[in-house]
Each structure stands twice: as C-alpha cells, then as structure tokens.
1. Quick check on my filter: what residues within the range 226-277 are among the acidic types (Asp, Glu) and either under 21 Å from LYS331 (Cβ atoms) or at pLDDT below 95 (or both)?
2. Taking the range 422-441, which residues are at pLDDT 90 or above and either outside the structural domain of VAL470 (by TED's automatic domain parsing) or surrounded by 14 or more Cβ atoms within 10 Å (Cβ to Cβ) (or both)?
3. Against the conditions (1) among the hydrophobic types (A, V, I, L, M, F, W, C); (2) part of a loop (DSSP other than H, G, I, E, B); (3) farther than 24 Å from ILE508 by Cβ, where does MET606 fall short? Just the number, please.
4. Filter the range 87-112 down to the residues that are among the basic types (Lys, Arg) and out of contact with any Asp or Glu (no Cβ under 6 Å at 6 or more places or on another chain), then identify the one that is nearest to ASP36 (Cα to Cα).
5. Of all residues in the range 363-408, how many are within 29 Å of PHE440 (Cβ to Cβ), among the hydrophobic types (A, V, I, L, M, F, W, C) and either surrounded by 19 or more Cβ atoms within 10 Å (Cβ to Cβ) or touching a residue at least 24 places away in the same chain (Cβ under 8 Å) (or both)?
6. ILE346 fails exactly one of the following numbered conditions: (1) over 23 Å from PHE274 (Cα atoms); (2) free of Cβ contacts under 8 Å to residues at least 12 places away in the same chain. What is the number of that condition?
7. Among GLY372, GLY380, GLY387, which is at pLDDT 90 or above and of a type outside the set (Asp, Glu)?
8. Which of the residues that make up the range 333-356 are touching a helix residue (DSSP H, G or I) at 6+ places or on another chain (Cβ under 8 Å) and either surrounded by fewer than 20 Cβ atoms within 10 Å (Cβ to Cβ) or not small (Gly, Ala, Ser) (or both)?
Amino acid sequence: MIEINTLADIESLTETEEIEVKSAQGKDHQGQLPKDFWPTYSAMANSKGGWVILGVEEKSNKFNLIGIKDVTKIKKELVTALNNKEKVNYNLLTDKDILEKSIDNKTILIIRIHPATRDKKPIYINNSIVNAYIRMNDSDIKCDEAKIRQMILEQDPQGTDSRILDNFTIDDIEIESLQKYRNIFSARHPEHPFLKENLLSFLSKIGGWRKDRYTKKEGLTIAGLLMFGKWDAITEIIPKYSVDYIERPENKIDTRWIDRVFYDGSWSGNVFDFYQLVYPKLVSDLKVPFNIKDGVRQSDSGIHQALREALVNTLVHADYLTGRVSILVVKRPDMFGFRNPGLMLISKEDAIKGGNSECRNQKMQQMFLYIGLGERAGSGVPRIYSGWEQANWKVPNLREKYDIEQTLLELSTTSLIPHNIVDYLVKKFGYDNFSKLDDFEKMILATTAQENWINHQRACELTSKHSREVTLALPNLERKGFLISQGEKKNKIYKLFGEEELLMPEDILYANDGEIIEHDQIYRDGSLTSRNNNSGYKNKNSGYKDSDSGYKDTSSANKDSVGRIIDERVDKPFIFELTQLDNGFLQSLEKIASPTIKKRITFDEMKTVLIALCKGHYISLSALAILVNRTPDRLRQGYVKQLTKDGVLRMAFPHVPNIPKQGYTTVEEH
C-alpha cells in the first residue's frame, strides 16, 4: 500500500500508470463512486495494478485534498458493484484493499487494485468483453480485438506453446537441431530414461510432441516447432517470426555492424540454434575477472550467468503468436541489449524481487531447463541483477513499451558511479552531506551530474525500486538542497542545486517577442540504444562539464535575413513559426516539401524531405507538420521519432521531447 499520511504526500502525487486520483464528490457533494472508476479498475487489473485515491482533485496541475463526507456510502456502492457480474466479471479486491485515511480532518479512500492473473484476464465491465481496458501512461485505453484475443490466448495454464498444431509432422523438424539438443541432454544426464526412446518419442518426452488425452488429437506442439523446426514451417504458422543478433563496434546505432545472425538460408532459423549461435558471441571477449573456487579458476562468472539468463529469458518469454516485433539481441562496447515481443506477465518489481515465475512459453522453458539453461523458480531476473551488481556496473534497465508491445532489457557495462563524478559531488555538497545519502540517492545525483538533468522516468530506469519510491525520492532530494526542479508535473525535470535552468523554447521566444507557449507532457522514448544526449543549446551551466560558453541571462534573440531566430544559447538558427519567415525562403522550403503533397509517400521519401527541411537550422514540429501536410502527432509518431532514434535528426530540447515547440535539425553527418 502506498504511504499517504500528510498533505505533503498528497501534493507530491503524480498521476501515472499506477496512480489515479478522483474527487468522488457526487452531485450532493457528500460522496459518490464516480462512473469513470470502472474503466480504471478494468485497465489497472489488465495491466500492472495500481491505486485509485478518492477524495483528491487535480487543479492547476496540482493535487488538492478535498476529502469525502460520506465514505460509508462509497464503500457500499463499491462492494455491491464488485460482486455484481453485470457490472464487472471478477472482483479482485478484499477488505484490506480498501483503506480509509484521515488527513487534516478530511477522509480519503485508497483503493488497491491488483493485477489480474492471466487465467482471469480480460477483466471487463458492463457485462461485455468489448468493455475491457488497459492502462497506458495515466490513461484508460479500451482494448482492441487483437489485445482481447491475446489475453484469451494466454489464459491457458500450460502456456501458449503447448498447443498441438494441425497437419504438422516430424518432417517439419530440423533433425540436426533435435539431435544436437539430444547430445547436450545426454552429456548432462547420461543415464536418463528419456535417452532410451527413439527421436520422436524423445521429442514427445521433452514437450515438443503431445497427445491430448481428451480429444485423442496428437502432433507437433508450438514449442517443438519453435525450438527445432524448419524456417518455412515456423513462418507458415507464425508469419512475423524473426530472430536477429547484431554486434556493433561503437556505442551508437547509426554505425555498421561487425557480426550478425539472422535467417539467411545457411542455418535452420529456429530458437534452439539461435541460442547456440548467439551465446558464444555474447561472451567471446568479456573482460571480467575469473572467479576462484577451491584454488581453481572458474571460467563461468556472474556476468556469464547473467547473459545466459538474459538470452534464455528473451526466448522463452516472447509472444511469438501475436507479437509485432522480432527477437533482437544487440552487443556493443558499452552494453548488451535484449528485446522480445510481448509484455511481462508479472510486474517488473515482482520479477526483480524473484520467487514468482510466470512464463509465456512453459514447454520451451522446460526444454532449456533440461540442458541446464534458465531458471524456473523466479530467480532468473535476480540472477541477472546480481551478476551486474558483482561487476559494479550500472543497474540493469528492464522496461516495457506499450505502443508496440515489447519487453526490453539493457545491460550497461559502464561503471556504476565513476570516481570523477563522486569527487565532483563530494566537492560540491560536502563529504558529510553526500555520504549520508543512500545508494539510490547517490545514483540520482551522479546521473544528473553526468547527463545534466533527470526526470521521474529516467530515475525509474536506474533502480529496481517501485516507481512510487522514485516519486518520493526526487522531491526529497530537492528539499535537502541537492536538486532543484524546473517545470510542472509531467514536465518536471531536476538539475543539481546551484546550476542554471535548462533552456526551454519559451526562453528563446520570450527573449524575441514575449510569446509564451504551453508544454506538452514529457515522454522520453526508450530504445535498445544509448540515450541521445545531443542537444541544441550550448552547455553553459554544468559544473562537472566545466564548460564556459559565455552564457548571459540577459541574452536576446534576433532574426537573420530570412526570418529565423538567432540566439547565442542555440547552436543553429531556429524556425518556430512559418509566418515569421521571408517569403522567398518560405517558398524554398515549400518546394522541398512538395513531394509530400502526394496522398501516399514511402518512409524513405519522407525521410529525404525531412532531412532537407531540417538541414542548417532547427525547425519546430508544428512548422514541419504544416510543410509536409501532416498532423503534428502523425508526423512525430510516424517519422520524426524514428529518425531521432536512428540518429538522423536531433532535438533542440532533449530534456522535454514532446513539447509542441520542439525543434529538430540534422545530425552533422547528414
């Protein structure tokens, strides 16, 4: 249960995927369960759970305590509806999940909604399965048909890979793959009774072939096909199936690869062979010390174990049947990255804590376990974190993306807190003050010093703590005088105390003509690549960077001969509004954008146009959208976000990516 005991706790709340506040006043202002509670109940139950707090209202981007006069009435309405199948198909709450709290003589109601187990999903309302919701950021989103089908498919307690495939036979198996697996099995269990069976019976024993005792149907399972199947057979049943390994020589994505494993016809393309090919490449040049046990050097370090577990986890937890992205494994000098289609079946916090195992492909998991790979008792993710902790590397970054459902794990090989950063922070804040902080607080300050800013989402990536603990940690460090905040609510970012504020679009506009603009919500897109820290403004404020750009608070913006804003704090001219441009220059931009007038245009064609429009200056998303005849959201989601992620474009204000006046320019080599 979240801790809310004071007004300060209320004021520090932020509506997130896991926290929702509602005034719950009713027409008579005595208290009433709001109608929009039920979509939130469904959404949280079908996602990662959360808390709904009744008796708190949001006003002017702040949360205010208003209280509920008749709490008993609301509790009765809630319990009655929860046990009415016409209202909701499952009651997931107990008495302990409904808590009254009194703060300053006002009563609020805190309702804990647990995530539903997969055998109960989807949780829906109003007696119709189409009224199922999921939680995305701080919104309740109605499930589409594909999402509902996915949840129904995953209800099977035996896992999604136990299904028997119609009309698939042993001929669809790559015999060499299965024989290779059997040899490894034999080396590990030389006297095992499974080895007395012929190859088909052996496949049946390990879960690759099954007979249904009720229907008498038998045949190849999805697990058997994925693990040992031929490429054509796999892609016939799973058209979007794809596995990919990329090794890059540099710490960026827009560089050549030096090694790659993908299906090219020279190998089977199945999951087992992918593991066999990729794991040796992951550990081939690990620069980690060997362990010594009983005086003997051990070649299998905690890092080896972590990488092995990460690779197996990626393969056995993937949503092969309904996923829309490929299996992807990346190796770079600064990190290892793993991506699988599908979201996690348990919360990130439970996965990191361990002891709770929910696997999407249980038969495949068992096949790996038979040959000593993977963990069943929910200890796999803790082993990954433990291995990285032993190496004193940065905390693994385990996260999910919801737009195209996928799970991402980034394992950085960067030292936890570099010594020069510690020295800088000790010098800035004093040894006694800095040493009293806990490890997480020190990590927040170190990241802020290195990256010049931090926000709630970035702080969550540094730890396995619950996001609620992160929400409290940041303002706590501000109260202690270590951080200073800038912006409001979801636009809030933090810098080290005593350093200048980060440049925002309105700073330039205000200096130019007094125009003030509102911010969009912050959303920093994650990827399997390192963060793009390039920004358009010149670094004038970080003590650690020790830069001296001559920044002056009184600097004013001017315009060049074609109407672009010139500001000494920005490294290129800036176009915010097309109406401010010289007519001839505007016409030249419109000519560049003319190919987009076509109803249909390929991604590469749009990429060419955007690069040309952004070259030599920053141009706002709204101005770009007008030029290419697209809505800003469509342009951002369909093109600009990907080009920024790929290192083709860069943002002027990377600390607030989704503000309406964000500016984009080309990266220098473009």
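1. ASP244, GLU247, GLU250, ASP254, ASP259, ASP264, ASP273
2. TYR424, LEU425, VAL426, LYS428, PHE429, ASN433, PHE434, LEU437, GLU441
3. Failing condition for MET606: (2).
4. Applying the filter and picking the extreme gives LYS87.
5. 8
6. Of the numbered conditions (1) over 23 Å from PHE274 (Cα atoms); (2) free of Cβ contacts under 8 Å to residues at least 12 places away in the same chain, the odd one out for ILE346 is (2).
7. GLY372
8. Correct list: PHE336, PHE338, ARG339, ASN340, MET344, ILE352, LYS353, GLY354, ASN356.
The values are calculated or read from the model by the stated rules, or taken from the named source; none is laboratory data. On a predicted model such as this, the values are computed, not experimentally measured, just so you know. Positions of Cβ are backbone-derived with ideal geometry, glycine not excepted, and every protein chain shown enters the neighbour counts.
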